[in-house]
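In what follows, a structure is listed as structure tokens, so that the remarks can point back to it.
The values are calculated or read from the model by the stated rules, or taken from the named source; none is laboratory data. Note that the structure is a prediction, hence the values are computed from the model and not measured. All Cβ positions, even for glycine, are placed from backbone atoms using ideal geometry, and neighbour counts span all protein chains on display.
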Amino acid sequence: MEFEDFALKLTMLLYGVIGFVVVVGGLLLLLDVVPNYFARRREAALVAASLGGGDAPVARRARKHREGLLGLAFLLPALLLLLIGLVIPAIRTIILSLFNGNGSAFVGLDNYGWIFQENDIVRVLLNTAGWVILVPLLATSVGLLYAVMVDRARFEAVAKSLIFLPMAISFVGAGIIWRFVYAYRGEGDQIGLLNWLWVSVGGTPQQWLNIDRPPLNTFLLIVVMVWIQAGFAMVILSAAIKAIPSDIVEAARLDGVTPWQMFWRVTLPSIRPALIVVVVTITIGTMKIFDIVRTMTNGNFDTNVVALEMYNQAFRYQEAGHGSALAVVLFVLVIPIVIFQIRNLRRQREG
Amino acid sequence: MTTTTPVLAGQATAEQPPRTMAGRVRKRLNSRTATAVSIIIALIWTVPTFGLFLSSFRPEDDIKQTGWWTFFTNPQLTLDNYNQVLFGRSSSSGQLANFFVNSIVITIPSVLFPIAFAALAAYALSWINFRGRDWLYIGVFALQIVPLQMALVPLLSFFSRGVSLGGITLLPAWDLDNEGKFVQVWFAHTCFALPFAVFLLHNFISQLPGELMEAARVDGAGHSKIFRSVVLPLITPALASLAIFQFLWVWNDLLVALIFAGGGREVAPLTVRLAELAGTRGGEWQRLTAGAFVSIVVPMIVFLSLQRYFVRGLLTGSVKG
């Protein structure tokens with residue numbers, strides 16, 4: 001790396017940090033100085049008013065008004081950024097999804113028709129469905145199983161860290177780690193763990209990720225996501241298990257339930273809210289899965305998913321219409337899950 | 001009995017059947033089976049990473065021809081791969097040192113900005129009275145579910161072409177190139193982080209005792225003073241956990257970087273470079289293993305040293321949009 005490049009980058013970083021200090025510091029200063037100025041004027045006005053006979057209700061309404069302005073000032077940067085970076089673009093994406101590739105002609109719902117007619121894209125939807133069903137199921141099961149097993153075990157903290165650690169690894173990094181596990185060599189010793197195990201039980205080496213039986217390679221990619229998400233499930237569920245009141249357990253035990261019944265009738269119902277949070281969170285994350293597929297197969301061999309196809313359409317093939325329609329499909333798929341979640345939260349609050 | 005020593009107490013509890021139901025289930029599953037199953041899970045969860053780590057220190061020929069487990073019969077270590085992948089001159093070698101710096105330059109402002117803006121917003125949404133406050137909060141909360149895919153195409157065109165309506169330019173294009181594109185990436189990350197950040201901090205700030213605010217107000221402190229000297233010190237743990245979240249998210253992100261930084265060596269972070277190496281040089285395991293580890297090591301250190309805050313944050317709010 002040349003020194004000039006390096007200096008340029010550090011200068012940018014410096015600009016960024018200085019920008020941060022100036023913006024945030026300036027904002028805080030402004031929020032401090034301006035209300036003080038008004039407070040002083042208000043005091044003066046109050047003094048004048050009390051001398052002149054008193055007009056308290058007006059002052060109170062003015063104060064409420066000022067609170068509103070101040071609130072707006074606190075909120076301004078966040079609201080502005082959300083508007084520019086999220087709300088307006090999202091609306092524009094919906095509009096773009098009704099236009100052709102370069103946005104020059106209105107095509108109605110053609111882009112949505114394309115999604116459900118093109119065989120490749122139907123395949124993409126089916127793959128995503130497979131991801132969304134399997135990842136939450138497997139990750140939550142493994143997380144729960146592990147949380148129950150290591151609960152109060154001797155090396156609980158260490159054991160948990162081991163499972164939890166993949167959460168710190170990027171999807172790209174995890175993709176490389178697992179591609180190495182699935183690696184294939186035509187002749188000689190295998191360097192991939194899976195093929196080594198496979199050969200040692202008598203199989204012939206396989207090109208796992210581009211094997212001709214499509215469901216299997218997608219499943220092998222799903223394993224990677226489960227590997228990352230199980231730690232998340234485990235931490236949340238483990239905390240929920242520890243929070244179950246011991247008197248419930250005692251009561252159940254006095255009733256003489258078997259541990260098996262205890263698990264299904266007491267543990268599971270008690271951690272239901274946490275279970276739902278875990279499943280919903282993992283589901284939403286899985287729906288948007290992109291990096292793992294892109295790193296490991298780049299969507300080849302029938303492993304493509306919606307988010308990757310959206311990226312390809314919009315940014316590789318310059319088909320903004322198709323890409324936007326796929327983004328809207330992702331959005332629409334998330335909505336029922338969120339409604340379910342909100343209703344669930346409300347029921348909890350009432351119950 | 002009143003003089004029971006701690007030792008005796010310890011023995012007594014050890015002999016009792018496990019109190020938690022998890023413990024009882026474990027017992028039921030026969031603790032030996034349970035131990036075996038959890039060891040198998042722990043192995044599946046650690047061995048792949050360990051294999052990658054070990055391989056990254058093996059000579060190129062060894063990596064390509066023998067499995068990493070043969071290391072134990074034929075131990076050979078080298079730092080060549082790291083030297084190559086970080087500082088190699090040829091364009092195929094990775095030149096990751098450069099991209100490592102890019103990752104740092106991207107990450108620091110992308111963590112600072114959203115946290116500051118979100119803290120201000122969360123305070124206003126919890127403690128300043130104005131009309132429509134609750135609706136505003138619900139709106140920000142709901143934005144968490146908008147997939148960021150929904151924003152990518154228009155936001156990119158906003159940067160490159162500006163905003164114009166009916167031929168009138170409302171906002172000019174940013175026209176950033178080379179290192180200037182860092183600004184674009186910071187901006188995008190800040191916007192996308194805000195809904196979750198506001199949600200998480202609101203959870204903490206709205207739980208602070210109201211008497212505290214009232215007392216400060218009686219003392220004559222305005223909202224700005226209260227925010228700085230009462231609220232900020234109290235929510236430091238929340239800020240820490242949010243910072244870790246955002247750090248991991250930005251450092252590990254591929255999608256936002258691909259679109260707003262591009263693949264060039266001026267701005268692209270490690271993840272983009274690694275994905276590129278994996279795509280074009282998928283068989284060059286000596287580079288991929290070392291490269292992957294270079295990108296993993298920083299978040300792993302952060303994660304392991306600050307795990308406590310991370311877990312606390314996870315337990316408070318856990319939907320990232």
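Structure above, values below:
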| quantity | calculated |
| --- | --- |
| Out of A:ILE177, A:ILE95, A:ILE88, sole residue that is surrounded by 16 or more Cβ atoms within 10 Å (Cβ to Cβ) and more than 23 Å from A:ILE282 (Cα to Cα) | A:ILE88 |
| Single residue of B:THR280, B:THR271 found to be modelled with pLDDT under 90 and among the β-branched types (Val, Ile, Thr) | B:THR280 |
| Test for A:ARG346: is it more than 11 Å from chain B (Cβ to nearest Cβ), modelled with pLDDT under 90 and either crowded, with 21+ Cβ neighbours inside 10 Å or part of a helix (DSSP H, G or I) (or both) | yes |
| Residue match in segment A:289-309 (condition: within 7 Å of chain B (Cβ to nearest Cβ), touching a Ser or Thr at 6+ places or on another chain (Cβ under 6 Å), surrounded by 23 or more Cβ atoms within 10 Å (Cβ to Cβ) and under 16 Å from A:THR128 (Cβ atoms)) | no |
| Single residue of segment B:30-41 satisfying the filter (within 10 Å of chain A (Cβ to nearest Cβ) and at pLDDT below 85) that is surrounded by the fewest Cβ atoms within 10 Å (Cβ to Cβ) | B:THR33 |
| Residue in segment B:70-86 that is surrounded by 24 or more Cβ atoms within 10 Å (Cβ to Cβ), touching a residue at least 12 places away in the same chain (Cβ under 8 Å) and either over 27 Å from A:ILE282 (Cβ atoms) or more than 27 Å from the chain's Cα centre (by Cα) (or both) present | yes |
| Contacts under 8 angstrom Cβ, first residue in segment B:53-68 being within 16 Å of A:ARG185 (Cβ to Cβ), partner assigned to a helix (DSSP H, G or I) and among the aliphatic types (A, V, I, L, M), 6 or more apart | B:SER55/B:ILE63; B:GLY67/A:LEU193; B:TRP68/B:LEU54 |
| Residue count for segment A:225-262, restricted to those that are closer than 23 Å to A:VAL279 by Cβ, at pLDDT below 85 and among the aliphatic types (A, V, I, L, M) | 1 |
| Boolean, A:GLY52 is modelled with pLDDT under 80, out of contact with any helix residue (DSSP H, G or I) (no Cβ under 9 Å at 6 or more places or on another chain) and either exposed (fewer than 12 other Cβ atoms within 10 Å of the Cβ) or not small (Gly, Ala, Ser) (or both) | yes |
| Evaluation of A:PHE331 against (1) among the hydrophobic types (A, V, I, L, M, F, W, C); (2) facing chain B (nearest Cβ under 8 Å); (3) buried (at least 19 other Cβ atoms within 10 Å of the Cβ) (one fails), failing number | (3) |
| Leading residue by the ranking (farthest from A:GLY175 (Cα to Cα)) among those in segment B:42-81 that are of a type in the set (Ser, Thr, Tyr) and either more than 8 Å from chain A (Cβ to nearest Cβ) or assigned to a helix (DSSP H, G or I) (or both) | B:THR73 |
| Every residue from segment A:298-333 that is modelled with pLDDT of 90 or more, in contact with a Pro (Cβ under 8 Å, 6 or more places away or on another chain) and either of a type in the set (D, E, K, R) or part of a loop (DSSP other than H, G, I, E, B) (or both) | A:THR303 |
| Helices (runs of 4 or more DSSP H) contained entirely in segment A:195-297, each with at least 1 residues that are over 28 Å from A:ARG347 (Cα atoms) and assigned by TED's automatic domain parsing to the domain that holds A:PRO166 | A:214-242, A:246-254, A:291-296 |
| Segment B:87-96, subset out of contact with any helix residue (DSSP H, G or I) (no Cβ under 7 Å at 6 or more places or on another chain) and within 12 Å of chain A (Cβ to nearest Cβ), residue surrounded by the most Cβ atoms within 10 Å (Cβ to Cβ) | B:GLN95 |
| Number of the condition not met by B:ALA215 [criteria: (1) modelled with pLDDT of 90 or more; (2) surrounded by 14 or more Cβ atoms within 10 Å (Cβ to Cβ)] | (2) |
| Test: residue in segment B:191-206 that is assigned to a loop (DSSP other than H, G, I, E, B), in contact with a helix residue (DSSP H, G or I) (Cβ under 9 Å, 6 or more places away or on another chain) and surrounded by fewer than 16 Cβ atoms within 10 Å (Cβ to Cβ) | yes |
| B:ALA215 being assigned by TED's automatic domain parsing to the domain that holds B:VAL311, within 30 Å of B:LEU156 (Cβ to Cβ) and among the small types (Gly, Ala, Ser) | no |
| Residues of segment A:237-267 satisfying the condition of being free of Cβ contacts under 8 Å to residues at least 60 places away in the same chain and under 25 Å from B:TRP45 (Cα atoms) | A:ALA239, A:ALA240 |
| Subset tally (residues that are small (Gly, Ala, Ser) and either part of a loop (DSSP other than H, G, I, E, B) or over 22 Å from B:PHE303 (Cβ atoms) (or both)) for segment A:145-190 | 5 |
| Which numbered condition A:LEU8 misses (of (1) closer than 24 Å to B:HIS223 by Cα; (2) within 9 Å of chain B (Cβ to nearest Cβ)) | (1) |
| Any hit, segment B:240-248, residues being in contact with a Pro (Cβ under 6 Å, 6 or more places away or on another chain), part of a helix (DSSP H, G or I) and at the interface with chain A (Cβ under 7 Å from one of its Cβ atoms) | yes |
| Looking only at segment B:180-190, and only at residues there that are within 13 Å of B:ILE108 (Cβ to Cβ) and either outside any helix (DSSP H, G or I) or within 8 Å of another protein chain (Cβ to nearest Cβ) (or both), the one that is modelled with the lowest pLDDT | B:PHE182 |
| Output for segment A:254-275, where each listed residue is more than 27 Å from B:THR316 (Cα to Cα) and facing chain B (nearest Cβ under 8 Å) | A:THR258, A:PRO259, A:TRP260, A:MET262 |
| Pairs, first at the interface with another protein chain (Cβ under 7 Å from one of its Cβ atoms) in segment A:143-162, second assigned to a loop (DSSP other than H, G, I, E, B) and of a type outside the set (Gly, Ala, Ser), C-beta under 7 Å, six or more apart | A:ASP151/B:THR20; A:ARG152/B:PRO18; A:ARG152/B:THR20 |
| Count - residues of segment B:87-120 that are of a type in the set (Gly, Ala, Ser), closer than 16 Å to B:TRP285 by Cα and in contact (Cβ under 8 Å) with a residue 24 or more places away in the chain | 3 |
| Given (1) crowded, with 20+ Cβ neighbours inside 10 Å; (2) under 30 Å from B:ALA124 (Cβ atoms), index of the condition A:PRO166 fails | (2) |
| Breaking point among (1) facing another protein chain (nearest Cβ under 7 Å); (2) of a type outside the set (Gly, Ala, Ser); (3) crowded, with 21+ Cβ neighbours inside 10 Å, for A:VAL278 | (1) |
| Residue within segment B:219-240 that is under 30 Å from A:VAL306 (Cβ atoms) and either surrounded by 20 or more Cβ atoms within 10 Å (Cβ to Cβ) or in the same structural domain as B:GLU266 (by TED's automatic domain parsing) (or both) present | no |
